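The values are calculated or read from the model by the stated rules, or taken from the named source; none is laboratory data. What you see is a predicted model; the values in this text were computed from it and never measured. Please note: Cβ atoms are built from the backbone with ideal geometry, for glycine as well, and neighbour counts cover all protein chains shown. Areas reflect the complete protein model, heavy atoms only, side chains present, ligands, DNA and RNA absent. Shrake-Rupley method; radii C 1.70, N 1.55, O 1.52, S 1.80 Å.
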Amino acid sequence: MIAAAVYVVALLGGVVEEVIEAEEIVVLDTAISDFLAPVREVPLVPFFLWITRFGNTETLVAVTLVSTGFLWADRRPAYILPLWIAVLGSQATTWSGKFGFARPRPEFVTSETALSPAFPSAHATGAAAVYGFVAYAIIRDALSARQRFEVAYWSMVLIALVSFSRIFLGVHFASDVAAGLLVGSFWLLVAFTLAEYLRQRGTPG
């Protein structure tokens, strides 16, 4: 877990360096946005406007609260603290980065808009941290390999769709989303490690 977290931090450092230099990464971001321009129309835009709501603050808070309730009712408190660390840690890092880098957003091309700076994407960060940990909590005690695979697969699909929606709707550059996924992944690994530690100490769950 520690090695994976270090690797994720190294990747994030590379993305940050590219964004600061603002040369090659801008070319790539622009190319991806231009590639998507011809397909930003009905019915894809309404679909991604719906998908992106799974990554907004209200939805993620609701999912976290409901998950906390289920974990408590199911007598698995070892997962509750790690879940909240993943959520709060990822959001604190993301919003510090947003106002620290103050990267402007791309020109809005759909009805989806945003007021905060672009880098990194809070939707991508939150989706990775919240849905990733909820999937882990389910998979950890799943009954069969098929069940574990299905939970992991559909969770990754949801995270990928939420992340891609931000690029498709034109409110983030691809590098913003990549950085958000890396931040979320880092805190996810921290949460996994803490959860396993608490389980080994004998905390119910």
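Observations
- Dipole magnitude for the range 106-205: about 420 debye, using +1 per Lys or Arg Cβ and -1 per Asp or Glu Cβ, origin at the Cα centre.
- Where Arg140, Arg75, Arg166, Arg201 fall by accessible area, highest first, once all protein chains stay in place (1.4 Å): Arg75, Arg201, Arg140, Arg166
- Per-bin percent of Cα-Cα distances, the chain [5 Å]: 1, 8, 15, 19, 19, 15, 11, 7, 4, 2, 0, 0
- According to the Kirkwood relation over distinct C-alpha pairs, the hydrodynamic radius of the range 47-116 is 14.5 Å.
- Split the accessible area of the chain by element, probe 1.4 Å, and carbon with sulfur accounts for 70%.
- Gain upon complete extension [Arg199, Arg140; 0.36 nm per residue less C-alpha separation]: 20.1 nm
- Neighbourhood net charge (15 Å Cβ-Cβ; Lys/Arg +1, Asp/Glu -1) for Phe168: -2
- Summarising the label geometry, the points placed 7 Å from Cα in the beta-carbon direction at Ala37 and Trp95 lie 3.5 nm from one another.
- Electrostatic bookkeeping for Ile51 treats Lys and Arg as +1 and Asp and Glu as -1; over the other residues with beta carbon under 12 Å from its beta carbon, the sum is +1.
- Cα-centre dipole for the chain with unit charges at Cβ (Lys and Arg positive, Asp and Glu negative), debye to 20: 980
- The calculated FRET efficiency for the pair Met156 and Trp50, based on their C-beta separation and a Förster distance of 22 Å, comes to about 0.70.
- Pairwise centroid distance, computed over Cα atoms, of the range 54-89 with the range 129-174, Å: 15
- The protection proxy used here, the mean number of other Cβ atoms lying within 10 Å of each residue, ranks peptides 125-134, 93-102 as follows, highest first: 125-134, 93-102.
- Mean accessible surface per residue for the chain, computed with a 1.4 Å probe while every protein chain stays in place, in Å²: 53
- Stretchable slack from Leu88 to Phe108, in nm (0.36 nm times residue separation minus alpha-carbon distance): 4.4 nm
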